[in-house]
1. From A:PRO422, A:PRO390, A:PRO407, which residue is surrounded by fewer than 20 Cβ atoms within 10 Å (Cβ to Cβ) and either outside the structural domain of A:HIS342 (by TED's automatic domain parsing) or closer than 30 Å to A:GLY94 by Cβ (or both)?
2. Would you tally the residues in the range B:110-137 being open to solvent by 10 Å² or more (accessible area, probe 1.4 Å) and closer than 25 Å to A:ASP113 by Cα?
3. Among the residues of the range B:153-176 satisfying the criterion of being open to solvent by less than 10 Å² (accessible area, probe 1.4 Å) and within 20 Å of B:VAL54 (Cβ to Cβ), which is nearest to the other protein chains (Cβ to nearest Cβ)?
4. Test B:SER388 against the criterion of being in contact with a His (Cβ under 6 Å, 6 or more places away or on another chain) and of a type outside the set (A, V, I, L, M), and give yes or no.
5. Test B:HIS356 against the criterion of being away from every other protein chain (no Cβ under 11 Å), closer than 19 Å to B:ALA240 by Cβ and within 15 Å of the chain's Cα centre (by Cα), and give yes or no.
6. All but one of (1) on the phi > 0 side of the Ramachandran plot; (2) within 21 Å of the chain's Cα centre (by Cα); (3) not small (Gly, Ala, Ser) hold for B:ARG376, so report the exception by its number.
7. Which of the residues belonging to the range B:232-241 are under 18 Å from B:ALA363 (Cα atoms) and either surrounded by fewer than 19 Cβ atoms within 10 Å (Cβ to Cβ) or within 17 Å of the chain's Cα centre (by Cα) (or both)?
2 protein chains.
Amino acid sequence: MREKTAATLRQAMEAAHLEDGMTISFHHHLRNGDFVLDMVLREAEAMGLKGLRVAASSVFPCHGRLARAAERGVVAGLDTNYMSGPVAAAVARGAFAEPVRFRTHGGRPRAIDAGELHIDAAFIAAPAVDPLGNLSGVEGPSACGSLGYAMADAAHADTVIAVTDHFLDHSPERISIDHGQVDVVVKVDRIGDPAGIVSGTTKVTRDPVGLVIAEYAARAIEAAGLLRDGFCFQTGAGGASLAAASFVRERMREQGVRGRFLLGGITGYFVDMLEEGLFEDIYDVQCFDLAAVRSIRENAHHHEISASDYASVGRKRCYVDDLGAVLLGATEIDLDFNVNVHTDSNGVIIGGSGGHSDAAAGAEMAIIVAPLLRARLPIVVDRVRTVSTPGRTVDALVTEYGAAVNPARPELAQRLRDFGLPVFEIAELRRKALAMAGEPVRAPQGEREVAVVEYRDGTIIDRIMA
Amino acid sequence: MREKTAATLRQAMEAAHLEDGMTISFHHHLRNGDFVLDMVLREAEAMGLKGLRVAASSVFPCHGRLARAAERGVVAGLDTNYMSGPVAAAVARGAFAEPVRFRTHGGRPRAIDAGELHIDAAFIAAPAVDPLGNLSGVEGPSACGSLGYAMADAAHADTVIAVTDHFLDHSPERISIDHGQVDVVVKVDRIGDPAGIVSGTTKVTRDPVGLVIAEYAARAIEAAGLLRDGFCFQTGAGGASLAAASFVRERMREQGVRGRFLLGGITGYFVDMLEEGLFEDIYDVQCFDLAAVRSIRENAHHHEISASDYASVGRKRCYVDDLGAVLLGATEIDLDFNVNVHTDSNGVIIGGSGGHSDAAAGAEMAIIVAPLLRARLPIVVDRVRTVSTPGRTVDALVTEYGAAVNPARPELAQRLRDFGLPVFEIAELRRKALAMAGEPVRAPQGEREVAVVEYRDGTIIDRIMA
């Protein structure tokens, strides 16, 4: 290992022979506590580099330096699956010279594996590096668990630079990324702020509307006949999703159902279900909290998987393909069941696909859970502002008033009705919301293309104007 | 998983759309108990296929069908790292239409990763398949441990067919090959004969000459200053190598040295050293016995690694690069320290590189251990019949009379002398052997090129004539 350790980040970057216009990549397991993206950009600016393209699996509010680097011309392009905070605002005001390319959590590694997204230098925030140079996500002060989103970068980038704040004197039980893929290792003071990397605990919502939606969602899964042995399940990490998971959990207990696996970004709530024996395994591309980090370190049935294995259509099969049900959010859903998670109804960028469209496409039943009105805005619109997830992959919308089922699945609608769930046409739900809140005035669409939305298979399915 | 399970091997092969001249690949973890290579060739013949190229990581005496398939034109070419038994004899008599290409354990995955060896269909003998289609080497009646040599095939072959005799009802703690790389799964009665897959136990030699060589080898390692904390070690699985390992073990105990890792094909003897705490980790590309299979299943510090990670020069670093010492065999070694492990002194094919030249190139000290005479033939020759491992990567020869050190390493020769070891010029050892046994008559070289020897970096370093 010694011969590939750089003394400073600058030396490590010089070893990559960076030039203007090159693509540098980052992963987002350190989430809103990540220091690495910003420290690399600071150094890139000091080196006088211009027109870089940043390929970051996600961008968080902590990444203010990226917005500044775009304004100063250090960065010209951005390729990401999700963004929030100052970078989203910078995109909207045209700070990036090129339109941003939004991908999905499965589409990004597909593009890397296929050579469509070429990475000149990958910067891997590595919570721990062993004496051979192997990378681990589960040890050290900045432990974040799975390094699943960094694996395609490590496998394909011309130069792979591991940035760490913790050298191990032993090999970890699990190696996230083998030293055979790493060119340079550099130690810095801190790669992240633990408070931003993981939350201490994730809690089930107490909001009464959220609880109603959650219970309807759980009943919809049961009604669809999915709560059987071998069930595979994914939800988001939000309070409402966890509430739905808690109802699913109760029903699994009552009925003695044993699920096959839990998938996706993992929380302590999922770990509890694994430890309780309700599911056999967790396949983890990203840990959301400390309980998940502990579990992936200690529990052999909590598996670290790559983003390619998780959701890439370039694989012969990926984990999302085995999902029975997935619960997903939305800022808007339209009469064709297209879902928007990129922009709000005024076109302001507030997120991105992440694994939304991947899980929707793979799951037997993709359920959008959302309140009928959010801040007095109807969730159901005639046409979403931005298509993030195509309606053909969405099976149902569940609100606090009941469900709407994609007309392509009449048998599912019937099952829900037979189970006693209130089921509406989606247009009825729209009319109901309009009757309560009226038709909101939408900001007009801008004239500058600031981002394109690439679907998981590489096709462009929408453009974002500002 | 259901939708990709074939009812019969024939159906699985038809799903791969095999055509005449295509390349089909196999791995050798089932060793001399493997049924899969032969059953596929039997089916290929029944399907009327001709001129196939077989890329098998190694070929054993159990593979008689491959020799027959060559004679009948079903198979035209063979690409392998090692062979013994009827196939070696068939090669010598020209049964294969094309010269065989010998590679190394690191060179084969390098060639696959680089696209030089394109595999149309990979047949992966999988001791267990979980309900998702993930492959495991550690469970089932044909458990063989690591599936390291199959990993490059799984990652790159156009079609990947898993042949198993054991379906799991759960996910194994360790997944050897993810279901995302597998196209088709087929269950057959038996993929192998356990008696041929692994040996019950591996034993230290009791042969007095072997013991002398072993002790000299261990002393040479100590003399070289390698027995220090962090020491990384590989030996073969033969009785003499294990004897040397036992002397190394004693010295490590006495001196309180803690090694970093044991590498290569793994035996119970290495497992004992891991469990005793003399080494921190085992990196395992292949298990040789039942104790190793048990250990890789149960011990988190016994890691399964791919052949690429083990020894490919296509990686930025591989495990052999960290070896302090490796003990290797030879059929012949010449005055330039070139080593032959492909043919005997009469040019008969008896093996192949396996990981010989990879480990020699990576290790700080590559030691050839061999008796000065074998069946009254001097081990040291003027010029080896076949160059398997270039002399520039070999540091010393150790025989029962003492050592010879590569003249490129005068400081090493001095260290051995200072340590009290008998050290000779290699030419002196040759003269000593000739004085005892006389100059043997060597069979003349044949006129037909039956094999080429490809070095780990892809260059052709020798040809075998018969």
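The values are calculated or read from the model by the stated rules, or taken from the named source; none is laboratory data. Fair warning: this is a prediction, and the values are worked out from it, not measured in the lab. Every residue, glycine as well, gets a Cβ built from its backbone with ideal geometry; the counts of neighbours run over all protein chains shown. Ligands, DNA and RNA are excluded from the accessible area calculation, which covers all protein heavy atoms including side chains. Shrake-Rupley method; radii C 1.70, N 1.55, O 1.52, S 1.80 Å.
1. Values: A:PRO422 fails: either outside the structural domain of A:HIS342 (by TED's automatic domain parsing) or closer than 30 Å to A:GLY94 by Cβ (or both); A:PRO407 fails: either outside the structural domain of A:HIS342 (by TED's automatic domain parsing) or closer than 30 Å to A:GLY94 by Cβ (or both).
Being surrounded by fewer than 20 Cβ atoms within 10 Å (Cβ to Cβ) and either outside the structural domain of A:HIS342 (by TED's automatic domain parsing) or closer than 30 Å to A:GLY94 by Cβ (or both) holds for just one of A:PRO422, A:PRO390, A:PRO407, which is A:PRO390.
2. Step one: of the range B:110-137, the residues open to solvent by 10 Å² or more (accessible area, probe 1.4 Å) are B:110, B:113-118, B:120, B:131.
Next cut, closer than 25 Å to A:ASP113 by Cα only: B:110, B:113-118, B:120.
The total comes to 8.
3. Among residues in the range B:153-176 that are open to solvent by less than 10 Å² (accessible area, probe 1.4 Å) and within 20 Å of B:VAL54 (Cβ to Cβ), the one nearest to the other protein chains (Cβ to nearest Cβ) is B:VAL160.
4. Numbers: in contact with a His (Cβ under 6 Å, 6 or more places away or on another chain): yes; of a type outside the set (A, V, I, L, M): yes.
The answer is yes for B:SER388.
5. Values: away from every other protein chain (no Cβ under 11 Å): yes; closer than 19 Å to B:ALA240 by Cβ: yes; within 15 Å of the chain's Cα centre (by Cα): yes.
It is true that B:HIS356 is away from every other protein chain (no Cβ under 11 Å), closer than 19 Å to B:ALA240 by Cβ and within 15 Å of the chain's Cα centre (by Cα).
6. Condition (2) is where B:ARG376 drops out.
7. Step one: filter the range B:232-241 for residues under 18 Å from B:ALA363 (Cα atoms), giving B:232-237, B:241.
Within the range B:232-241, B:PHE233, B:GLN234, B:THR235, B:GLY236, B:ALA237, B:SER241 qualify.
Results for (1) open to solvent by less than 10 Å² (accessible area, probe 1.4 Å); (2) within 14 Å of chain B (Cβ to nearest Cβ), shown as yes or no for each residue.
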{"site": "A:ARG315", "(1), (2)": "no, yes"}
{"site": "A:CYS318", "(1), (2)": "yes, yes"}
{"site": "A:LEU323", "(1), (2)": "yes, yes"}
{"site": "A:ASN346", "(1), (2)": "no, no"}
